[in-house]
Amino acid sequence: MTTELAENIDWVGYVDWDVRDFHSFDTHHGATYNAYLIRDEKTAVIDAVKAPYVSNLLHNIADKTDLAKVDYVVCNHAEPDHAGGLGALLANLPNATLLCNAKCKDALGGYFDTANWKIQIVSPHDKIPLGRKTLSFLDTPMVHWPESMFTYIPEDQILFSMDAFGQHLATSERFDDQYDLHSILVEAKTYYANIVTPYGKQVQAVLKAAENIPIKMIAPSHGLIWRRYVSTIIGEYQNWAAGKYAPKLLILFDSMWGSTAQMADAVMRGATLESDKVSVQFLHVRKNTLTRIALEMLDASAVALGSPTMNMQMMPFLSGVLTYIRGLKCIPKTAMAFGSHGWAGAGSKHLDMWIEETGWLRLMPPIQSKFKPSCDILDKCEEAGRKLAQAALNAVSKAAES
């Protein structure tokens, strides 16, 4: 396995092939916890790993240098998947000073007893000379925690970007040009959709601050390292952060006895009949993950939400999905609600209220069916699909004109 990013700069992290859940993120392709070793007149480690894998990190470092020769450990981000092993790491590096910003020091104090740690606070004005190489820093608040920062080596033009530009993807390869680009971009988009979406404005600010920094390589804390497709992933981040719409209709629904599913199918049929330029994603929420749903929601321009009534509410899993989506603060969508019911049509009414409370554009009142949908109801659903498809196209057109 190739680990060298540049002369005397190596990946020393851990590949977690088996992880399948990352605080509700569906990591069906595993994950990596990336750490990096820079050897010069002074030696530095960039980031740690998740606590159970510190021994692997120490082994990888010791394979390339004496642990006593490590002078610095940089903590770009205090979240436990990166900093969880920091205490054990520092305990085995007797001469290492921890470099982090002031907010990171405070956050680490919430996880560890740092009283005996050697800590040096760094800011964007500081430079730490290692010899021929230099460490410099860029604060990136709320991308995606308040203490987050990037570390940069100007001599090699390598940006250690913490969680930004990362992917949850376990592979034996380390670099983007060693793997299928489409697959990497899907995983990067999935990561952005589920982790970074609420912080689009902050991402735009960071991209603006970094636009004059020459970057040959981006080394994130998760996934593959970008060396050939640096401009590609930066361009994608610019689109995602700006909330760029795709001509996409997302149909999210749950169903009890199949009636609401029939209505969802009619919505899809109407959309596909209206335009072949609109991508339709048809997701039964209990048969999909939050991770997949957030991915499809990221750039959707129109959404149809369907649920039967259960205990005078929408179905419970859909309620959880919508709580998750609201927290992600997605770009506003054109949306409508639909659903079947028995004696009280509360499910679709609650969906309709959710649309209004979230600040999305309400296309029409909810379409309700008492028990099995009639042909007339299905025709209304089909017409709603047509209108949603047109709304999706119009949203993309308006965004292009602005």
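Values computed for the structure shown
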| item | result |
| --- | --- |
| Filter result for the condition that a residue is under 26 Å from SER319 (Cβ atoms), buried (at least 23 other Cβ atoms within 10 Å of the Cβ) and not aromatic (Phe, Trp, Tyr), over MET263, MET268 | MET263 |
| Selection count where residues are assigned to a loop (DSSP other than H, G, I, E, B) and on the phi < 0 side of the Ramachandran plot, scope the stretch 131-170 | 21 |
| Pair list, Cβ under 6 Å, 6 or more apart: the stretch 135-161 residue outside the structural domain of PRO214 (by TED's automatic domain parsing) and within 14 Å of CYS75 (Cβ to Cβ), other residue at pLDDT 95 or above and in a strand (DSSP E or B) | none |
| Where a residue in the stretch 242-269 is outside the structural domain of ILE377 (by TED's automatic domain parsing) and among the polar types (S, T, N, Q) and its partner, wherever it lies, is crowded, with 24+ Cβ neighbours inside 10 Å and assigned to a loop (DSSP other than H, G, I, E, B), with Cβ under 8 Å and at least six apart | none |
| Subset of the stretch 136-149 (residues that are in contact with a strand residue (DSSP E or B) (Cβ under 6 Å, 6 or more places away or on another chain) and buried (at least 24 other Cβ atoms within 10 Å of the Cβ)) | THR140, MET149 |
| Qualifying residues in the stretch 16-48 (those that are out of contact with any helix residue (DSSP H, G or I) (no Cβ under 9 Å at 6 or more places or on another chain) and surrounded by 18 or more Cβ atoms within 10 Å (Cβ to Cβ)) - the one farthest from VAL186 (Cα to Cα) | ASP40 |
| Given (1) among the acidic types (Asp, Glu); (2) free of Cβ contacts under 8 Å to residues at least 40 places away in the same chain; (3) in contact with a helix residue (DSSP H, G or I) (Cβ under 7 Å, 6 or more places away or on another chain), index of the condition GLU274 fails | (2) |
| Failed criterion for ASP26 (all others in (1) closer than 23 Å to PHE150 by Cβ; (2) of a type in the set (Asp, Glu); (3) under 19 Å from the mean Cα position of the chain (by Cα) hold) | (1) |
| GLU356 under 18 Å from PHE282 (Cα atoms), of a type in the set (Asp, Glu) and modelled with pLDDT of 95 or more | no |
| Check on ARG132, surrounded by 18 or more Cβ atoms within 10 Å (Cβ to Cβ) and basic (Lys, Arg) | no |
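The values are calculated or read from the model by the stated rules, or taken from the named source; none is laboratory data. In this text the structure is predicted, and so the values were computed from the model without any measurement. In this analysis, Cβ positions are derived from the backbone assuming ideal geometry, glycine residues included, and neighbour counts consider all displayed protein chains.
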